[in-house]
1. For a quick check: with amide H placed at 1.01 Å from N, whose amide H comes under 5 Å from Gln158's, ignoring anything fewer than 5 positions away on the same chain?
2. Over all pairs of distinct alpha carbons, what does the Kirkwood formula give as the hydrodynamic radius of the chain, in Å?
3. Quick one: which residues, 5+ away or cross-chain, put their amide H under 5 Å from the amide H of Phe18? H built at 1.01 Å from N.
4. From the mean inverse distance of alpha carbon pairs (Kirkwood) and the Cα radius of gyration, derive Rg over Rh for the stretch 185-303.
5. With respect to the cross-link table entries Lys194/Lys238; Lys163/Lys266; Lys163/Lys188, which display a Cα-Cα separation exceeding 26 Å?
6. Per-residue HN-Hα couplings for the stretch 176-189, Karplus 6.51 cos²θ - 1.76 cosθ + 1.60 at θ = phi - 60°, whole Hz, x for Gly and Pro?
7. Long-range amide H contacts for Thr249: which residues qualify at under 5 Å (H placed 1.01 Å from N, peptide plane, sequence gap of 5 or more or a different chain)?
8. How large is ³J(HN,Hα), in whole Hz, for each residue of the stretch 114-127 in order, when computed from phi with the Karplus curve 6.51 cos²θ - 1.76 cosθ + 1.60 and θ = phi - 60°, using x for Gly and Pro?
Amino acid sequence: MRRQVVLFISILSLGSVFGQVSYSIPEEMAKGSLVGNIAQDLGLDVKRLRLGNARVYSGDSREYIELNNERGVLLIKERIDREALCGDTTPCAVHFQIVLENPMEFYSVTVEITDINDNAPFFERSDIKFRISESAVVGAKFVLERAVDLDVGVNSLQSYVLKPTDNFSLKLHNQADGTKNVEMVLQKPLDREKNEFISLALTAVDGGEPQMSGTMQILITVLDANDNAPVFTQPIYKGTVAENAAKGTIVTTVSASDADHGLNGKITYSITNTLDDVRQFFEINEDNGEVKLVGHLDYEKKR
Ligand SMILES: *[C@@H]1O[C@H](CO)[C@@H](O)[C@H](O)[C@H]1NC(C)=O
Ligand SMILES: [Ca+2]
Ligand SMILES: [Ca+2]
Ligand SMILES: [Ca+2]
Ligand SMILES: [Ca+2]
């Protein structure tokens, strides 16, 4: 643990010795931990502290640090959470005085509380859902959620990572208040027929040591666009029918499929105009592709 000690002592015209000491300690030190050797740093005898009934005076504010008169040291009285004490404000410090009697003396003590990386970045929600058409164009942007890290400086939020990066990339916009807006930008077109559901992970990382992170899921439902034509299972369907076959005889059944979804993939069959209009002899069932004989065939006239 690094501990810095800066000592200033100034003599005021009042006649009482008025000193000032500053310490710097990390937050979250356990109760009873040593803050500094105040007797030594003020150049005072431990005996003087005891006989002068030395004590900490912190006015209305909470007493986080106590004086041990036997040892002449300042100790942690109550665990200090920098985040609760100062929030975003830096530097963060605790101020109090050491008061001695006979003669009356005041020493002012400042303890700077430095940040440790004890908070991971977090997102308010665990996931965010999008419905994106497969016809969305490259460059389309989607606003994502920002993360929060209660620490300050390098220990606070530094960056975001999006995985996988197959179809989307991340774009960060620096805001005036120092935060970043996060956007996801489409880089390669989506294909619902290949992947209808895409799950990405957005991770926020801080710059602490060790680094901490928070992750949220991005769940994308790819909406269909009508980008596939129906395809027949074979290029030619052959059927044989006797010229005296009864009307209603099924000659052949054609079948096509369409990779799209819903109405975009719904197939209806019809026989279009042909040179020698076969529609007087054959009818197709628009739903199941059955080709049925409906007219009277004459072998000598038609082959
Ligand atoms: C990502 O883009 C590629 C190229 O456009 C495409 O083939 C692939 O299906 C896309 N991935 C998803 C999950 O849609
Ligand atoms: Ca803390
Ligand atoms: Ca912290
Ligand atoms: Ca942090
Ligand atoms: Ca489609």
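Any read-out appearing in this document is the output of simple, stated calculations on the displayed coordinates, not a laboratory observation. Being a predicted model, the structure only gives us computed values, none of them experimental. Virtual Cβ from ideal backbone geometry, glycine too; neighbours counted across all protein chains shown.
1. Val205, Asp206, Gly207
2. Kirkwood hydrodynamic radius for the chain: 27.1 Å.
3. For Phe18, the qualifying residues are Ser10, Leu12.
4. Rg divided by Rh gives 1.37.
5. Going by Cα-Cα distance, Lys194/Lys238; Lys163/Lys266 fall outside the 26 Å limit.
6. Karplus-based 3J(HN,Hα) across the stretch 176-189 equals 4, 7, x, 7, 10, 8, 10, 10, 10, 10, 5, 9, 10, x Hz.
7. Leu293
8. 8, 7, 10, 7, 10, 10, 8, x, 9, 9, 5, 10, 7, 8
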